[in-house]
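Inspection log for the structure reproduced underneath, given as structure tokens.
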Amino acid sequence: MKKTVLSVCVAAALATSSYADGGVNAEVLSQLEALKAQIAALEAKLAQNSSEIEKVDKKLERTNKNVTDVKIMANNDNIKWDVDFRTSFDAIHYKHASGAKSSNPDLLTNRLWLGMGFAPDENNLFKGKLSYNKAYGDTANHSQSNTNPGYANFDWVTNENATDNTIKVKEAYWLYMNDTFVGNDVPWTISIGRRPSTDGLGINTREGMKDNSPLAHTVNVEFDGMSAKFDLDKVTGVDGMWWKLCTGRGLTNATPRFGGDYAIDSTIDNKDINMYGFIFVPWDNGQYSVRTNWARAENLIGFNTESTYSAMGFSSAQITGMGLNAANIDGSFHNVGDMDLATVMFRADGIGDGINDFLDSTVAFASWAQSKTRPNGRNGGMLGTTDSKTGHSTWIGIDMPLMLTDYGRWGIEWNKGSKYWRSITYGEDTMAGSKIATRGTAWEIYYNQPLTKALHFNARYTYMKYDYTGSNGFFGTDGMPMSWTEVQQYTAMGMTADPVKEASDLRLSISYRF
């Protein structure tokens, strides 16, 4: 700009000299003088603006430095928190084998999740979640939490059951991430801690939540362990292919402090409960995906045959008369064996390609799962038999936009489980018991509606009709499937237990998420 102004000035000076020598009239000279004056004013203004621009540049530089410092402080020096606070109303109803009914028509609960995240750099991340879950005006100090083994305090459902008013750790783990693995173009992560192992793919859809790991059809419990994930799409050329190794420990055999200081407790039959397996996604193009999950759980627990029948109401004489050993009715858990679990799920996030807005926004999935017991031959076997038994389950769901409202969605899900189906889904997906574990048929319909940016409303009705008992039991004789004809026969023999034949749960909830 300065060179241009200088050129104009030189040209004007030369023109003035030339015209003066040639006797040019006074009018032209006057115009040239005016032009020189304008140029001089322009130069002065440019100089002033240059000074102002320099000041602005320095101010912007200082501001950018301050913003950078704030970002560093926010990302590297402070944990970022999020909140999920849910208030629920549940109307729960049961119909028992005898025809008797029991219910709780107005169970009110509060559940608080405080999520946290901390990333000191691009390769490392910490994630955690604190939880509070309790019924209104109650601390759940009932018989279930005061007996051996104390179901309410069981580690698999520490944060899923409505218990007391304390804050507990639901999740706490770190992640290490890298874009290459031993020189190959394979992004990978490794993670250790208390796992995000509830609300996995399948069960998350009706909640309007991002899915966790693993697939919820077979595993939906809290546990501690590790995982390692490898993205394989770049090296295989297959869209979205990845493989994830998962392993963890569900229970630890250890004596308490001052009673042996964590040594193995040789007075009980149980070993550490370990689980290991993998999740494999052979294909995921962002709209359609196939997901698979295999796991083995070792040293699973259940009540032995004698104590189970005693809990069912049989006397020692009746148990002996049934051909069972009634000498060791201790009411404790015993190691009954191992179990394999497998799942295959197909999921569509949008149906078709631009057919219409409704199908573009529809989510559908179909999942098939199988369980296979491996009894160790002791303590009455698994699920009431010393033979290995295979069970299976089918789960279909569809989640659709509700065109009558803005951003509202509704869905329908159906579950069908066989006689010996056994999932590890103690992160209960309804207050009336796990619908995924149903040996029979379960139907569910739900509606999700955002109310504000932070408030979300959910209405849900779940109905479970059992073909066999034991759906929500453990893995010993307590999980034995009995038909309703067999229940009638045992009742005639003196059984006083009255198992649930049908169950339903109507839930209305409002969640604050931010």
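Please verify whether region 354-373 includes one or more residues that are more than 18 Å from I203 (Cβ to Cβ) and among the basic types (K, R).
Yes, because at least one residue in region 354-373 is more than 18 Å from I203 (Cβ to Cβ) and among the basic types (K, R).
All conditions in (1) more than 27 Å from the chain's Cα centre (by Cα); (2) within 30 Å of D360 (Cβ to Cβ) hold for T308, with the sole exception of (2).
On the basis of being at pLDDT 95 or above, in contact with a strand residue (DSSP E or B) (Cβ under 6 Å, 6 or more places away or on another chain), crowded, with 23+ Cβ neighbours inside 10 Å and closer than 21 Å to Y94 by Cα, does R460 make the cut? Spelling it out, it is not the case that R460 is at pLDDT 95 or above, in contact with a strand residue (DSSP E or B) (Cβ under 6 Å, 6 or more places away or on another chain), crowded, with 23+ Cβ neighbours inside 10 Å and closer than 21 Å to Y94 by Cα.
Condition check ((1) closer than 26 Å to G99 by Cα; (2) part of a loop (DSSP other than H, G, I, E, B)) across all residues:
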site	(1), (2)
W410	no, no
E428	yes, yes
Y447	no, no
N458	no, no
Q488	yes, no
A497	yes, yes
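Scanning region 365-407 for residues that are of a type outside the set (S, T, Y), within 20 Å of D478 (Cβ to Cβ) and assigned to a strand (DSSP E or B) yields K372, R374, P375, M382, G391.
What's the total number of residues in region 476-486 that are buried (at least 17 other Cβ atoms within 10 Å of the Cβ) and farther than 25 Å from N104 by Cα?
Residues flagged as buried (at least 17 other Cβ atoms within 10 Å of the Cβ) and farther than 25 Å from N104 by Cα within region 476-486 amount to 5.
Scanning region 426-441 for residues that are modelled with pLDDT of 95 or more, hydrophobic (A, V, I, L, M, F, W, C) and in contact with an Asp or Glu (Cβ under 8 Å, 6 or more places away or on another chain) turns up just one, I436. In a residue-by-residue description of region 215-227, the property of being under 27 Å from N274 (Cβ atoms), within 18 Å of the chain's Cα centre (by Cα), at pLDDT below 90 and not β-branched (V, I, T) applies to at least one position.
For region 227-243, the condition of being in the same structural domain as A342 (by TED's automatic domain parsing), on the phi > 0 side of the Ramachandran plot and touching a strand residue (DSSP E or B) at 6+ places or on another chain (Cβ under 8 Å) holds for at least one residue.
Out of the residues in region 307-341 that are among the acidic types (D, E) and modelled with pLDDT of 80 or more, state the one that is surrounded by the fewest Cβ atoms within 10 Å (Cβ to Cβ). Among residues in region 307-341 that are among the acidic types (D, E) and modelled with pLDDT of 80 or more, the one surrounded by the fewest Cβ atoms within 10 Å (Cβ to Cβ) is D340. Do we find that I264 is within 30 Å of Q489 (Cβ to Cβ), modelled with pLDDT of 75 or more and β-branched (V, I, T) in this structure? For I264, the condition - within 30 Å of Q489 (Cβ to Cβ), modelled with pLDDT of 75 or more and β-branched (V, I, T) - is not met.
Residues that are surrounded by fewer than 19 Cβ atoms within 10 Å (Cβ to Cβ) and farther than 30 Å from D357 by Cα are absent from region 394-414.
Collect the residues in region 460-486 that are in a loop (DSSP other than H, G, I, E, B) and among the aromatic types (F, W, Y), keeping them in residue-number order.
Step one: filter region 460-486 for residues in a loop (DSSP other than H, G, I, E, B), giving 467-476, 480-483.
Selection gives Y468, F474, F475.
The values are calculated or read from the model by the stated rules, or taken from the named source; none is laboratory data. Given the structure is predicted, the values throughout are model-derived calculations rather than measurements. In this analysis, Cβ positions are derived from the backbone assuming ideal geometry, glycine residues included, and neighbour counts consider all displayed protein chains.
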